[in-house]
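The values are calculated or read from the model by the stated rules, or taken from the named source; none is laboratory data. Source: prediction; values computed, not measured. Positions of Cβ are generated from backbone atoms using ideal geometry, with glycine treated the same way; all protein chains shown enter the neighbour counts. Only protein heavy atoms, including side chains, enter the accessible area calculation; ligands, DNA and RNA are left aside. Shrake-Rupley method; radii C 1.70, N 1.55, O 1.52, S 1.80 Å.
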Amino acid sequence: MARILDVSARLVWDSRGRSTVEAEVRSKGACGRAIAPAGASTGSGEAKTIDTRQAVHAVNTEIRSFLRGKNLDQKAIDQSLIKLDGTPDKSRLGGNAIVAVSLATAHAAAAAAKKPLWKFLAGKRQVAMPVPQIQIFGGGAHAHGSMDLQDFMIICTGAGSFAESLQWTAEVYRAAGARLAKRGALRGVADEGGYWPAFKTNEEALAELTGAISDAGFEPGHDIGIALDVAATQLWRDNRYHLALEKKTLTASQLHTLLLQWIDRYPIVSIEDPFAEHDAEAMASFTRTAGGQVQIVGDDFLVTNALKVKEAKTIGACNAVLLKPNQIGTLTETLDCWNAAQAAGYQAIVSARSGETEDVSIVHLAVGWGVPQLKVGSFARSERMAKWNEGLRIEEALGGAQLPYPARKLFRRRSR
C-alpha cells in the first residue's frame with residue numbers, strides 16, 4: 001500500500017464567494033485533491049466548520065505532521081483524523097479541514113491505484129448511475145426566504161438513463177424560466193442555480209412547476225415527479241412552523257395535513273425534512289401516514305449519522321437519508337451511514353451543499369458506492385454543471401444507456 005509523503009492545504013473560494021479549504025494528499029507518483037463545501041441551512045448535529053485560515057493552518061501543521069508516512073488506508077486515516085481532533089463535532093481542527101483531507105486521501109489512493117475514484121470505491125461491486133434530483137426553484141436559506149420551502153426539484157422518474165434525465169431536466173428548466181418571465185415573476189437565480197421566483201404562496205410554486213413539466217412536453221407524475229426540501233428546522237420557532245410568505249403559523253399536525261394535501265394535488269414523489277430536526281414524533285407520524293406513498297428524507301434530522309439512522313428506524317421515522325460527507329466529516333463515516341441506511345431498508349441520496357466548488361467527488365461516491373440518487377443543485381451555474389457533466393462522463397465509461405437505471409423502480413407512487 002502506498003504511503004503518504006505530504007499533506008497540504010490552501011484557501012480557495014466557493015460558489016457564494018466565501019473562503020473554504022482545498023487539501024492535497026501526495027504519495028509516490030500520485031496526488032489527490034479535494035475541496036470542502038459549506039451549507040446554508042445546517043443541522044445542529046453537523047461537524048463544525050471553523051475559520052478557513054485556521055483550518056488551512058491545521059492541515060499544514062498538525063494534520064500534515066500526523067499523517068506523513070502513514071499508509072493510504074481510508075478507514076485508518078479517517079479514524080486517525082477523528083482521534084487527532086478529539087472532539088465529538090470536529091470543532092478543534094475543523095470539519096472543513098478534516099473532510100477536505102479525507103476526500104483528498106480517497107483521490108490519492110485512487111490515483112495510486114491508477115483508477116478513477118468511482119471505480120476504486122466500487123471494487124468488485126456492480127455499479128449503476130444514480131437518479132438526479134435537480135432544483136428548478138430555490139427558496140428558503142438559498143434565496144433569502146423568498147419562499148418558505150428551500151427546494152422545489154424534479155426527478156425524471158420515466159427516464160431510461162442519466163443522460164436522458166439531464167436532457168429532460170434541461171427542457172423543464174427552460175420551460176419554468178419562460179413561465180416566470182412571462183408573468184414577471186423572475187427575480188434572479190438562487191444559491192444553487194434554481195430560479196428565484198416571486199410567488200404569493202408556496203403552493204403556487206408547486207402549480208407552476210407542474211405546469212412547466214407539462215409545457216416541456218412531459219406527463220407530470222408519469223415521466224417526471226416533484227421532490228421538495230421543506231428544510232423545516234428553518235421554519236420552527238416558538239413551538240410552531242412559520243410560513244412567512246403566507247403569514248401563517250402551523251402546528252406540526254397542521255403542517256402534516258398541508259403536506260398530505262399537496263401530495264394529493266401534485267406529483268410529489270419525495271419530501272426532505274418535512275419537520276424540524278428535533279420533532280421526531282411528527283416525523284414518525286408523517287412517515288406512518290405517507291411513507292408508503294412518497295420518499296421521506298432525513299437531512300438535518302439524520303445529519304449523515306449512522307447512529308441516528310438506526311434510531312430513526314426504531315421509531316419509524318423517514319425512509320431515506322441524505323448523505324453529505326462534510327455533514328459528518330469523513331468519508332468513512334459517510335459510508336457507515338450508507339451501510340446503516342441499507343440495513344434499515346432506507347433509500348439514500350448523495351448530496352452537495354449550497355456553497356459548492358468545481359470539486360466532483362460526490363458524483364464518484366454515488367456511483368462507486370451504488371447510492372441510487374444524487375442531488376447537486378440546479379441545472380445552471382458551473383459548480384453544479386461540473387458535477388452533472390462528470391456523471392455523463394462516468395455513464396459513458398460504464399457503457400451508456402445499456403446500464404440498469406433505477407428511476408422507474410424507485411418512484412412508484414401508491415395510494416394511502
Exercise. Taking K and R as +1 and D and E as -1, what net charge do the other residues with C-beta under 13 Å from the C-beta of Arg3 add up to?
Worked result: +2
Exercise. For the modelled label position 7 Å from the Cα of His278 along Cα-to-Cβ, which residues of the stretch 24-44 have backbone nitrogen atoms closer than 16 Å?
Worked result: 42-44
Exercise. What's the carbon and sulfur percent of the stretch 141-283's accessible surface, probe 1.4 angstrom, rounded to a whole number?
Worked result: 47
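Pairs Lys83/Lys124; Lys48/Lys70; Lys313/Lys387; Lys75/Lys124: which are spaced more than 24 Å apart, C-alpha to C-alpha? Intermediate values should be presented prior to the final figure.
Numbers: Lys83/Lys124 30 Å; Lys48/Lys70 26 Å; Lys313/Lys387 31 Å; Lys75/Lys124 18 Å.
Exceeds cut-off: Lys83/Lys124; Lys48/Lys70; Lys313/Lys387.
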Seminar exercise, completed: Total charge of the residues flanking Tyr241 in space, meaning their Cβ is under 12 Å from its Cβ, with Lys and Arg +1 and Asp and Glu -1, is -2
Exercise. Over what distance in Å are the Cα centres of the stretch 67-87 and the stretch 341-392 separated?
Worked result: 25
Exercise. Of Gln261, Trp236, Ala170, which is farthest along the charge dipole of the stretch 169-266 in the positive direction, counting Lys and Arg as +1 and Asp and Glu as -1 at C-beta?
Worked result: Trp236
Problem set entry | Approximate spin-label separation Leu398-Gln261, in nm, with each point projected 7 Å along Cα-to-Cβ | 4.1
Exercise. What is the calculated FRET efficiency for Glu203 to Thr251, with r their C-beta to C-beta distance and R₀ = 22 Å, to the nearest 0.05?
Worked result: 0.75
Problem set entry | Computed over the chain: relative contact order in percent, which uses C-alpha pairs under 8 Å that are six or more apart | 20
Exercise. Comparing Glu383, Glu333, Glu164, which has the greatest mean-square fluctuation in the GNM of the chain with Cα pairs linked when under 10 Å apart?
Worked result: Glu164
Problem set entry | Solvent-accessible area per residue, Å², over the chain with all protein chains present [probe radius 1.4 Å] | 39
Problem set entry | Contour minus Cα-Cα distance for Gln79 and Arg53 (0.36 nm per residue) | 7.0 nm
Exercise. For a paramagnetic label modelled at 7 Å from the Cα of Arg237 toward its Cβ, which residues of the stretch 279-315 fall within the zone defined by backbone nitrogen distances under 17 Å?
Worked result: none
Problem set entry | Computed label-point distance, nm, for sites Arg18 and Lys182 using a 7 Å Cα→Cβ extension | 3.7
Exercise. For the chain, what does -39500 (n - 2.57) per DSSP helix run (n ≥ 4), summed and divided by total residues, give at 222 nm, in deg cm²/dmol to the nearest 500?
Worked result: -12000 deg cm²/dmol
For this session: With springs connecting C-alpha atoms under 10 Å apart, model the chain as a Gaussian network and identify which of Ile213, Ile82, Ile328 has the largest mean-square fluctuation.
Result: Ile82
Exercise. When N counts the residues of the stretch 1-69, how does its alpha-carbon radius of gyration compare numerically with 2.2 N^0.38 Å, as a ratio?
Worked result: 1.23
Problem set entry | Carbon plus sulfur fraction of accessible area for the stretch 38-95, probe 1.4 Å, in percent | 47
For this session: Please give the length that would be gained between Ile315 and Asn60 if that part of the chain were fully extended, namely 0.36 nm times their separation in residues minus their C-alpha to C-alpha distance (nm, one decimal).
Result: 87.5 nm
Exercise. Considering the chain as a Gaussian network with a 10 Å cut-off on Cα pairs, which listed residue, Gly32, Gly188, Gly368, attains the greatest mean-square fluctuation?
Worked result: Gly188
Seminar exercise, completed: For Glu358 and Lys28, extending 7 Å from Cα along the Cα-Cβ vector and measuring point to point gives, in nm, a value of 3.1
Exercise. Which one of Gly95, Trp369, Gln150 has its Cα pushed farthest toward the positive end of the charge dipole of the chain, where Lys and Arg give +1 and Asp and Glu give -1 at the Cβ?
Worked result: Trp369
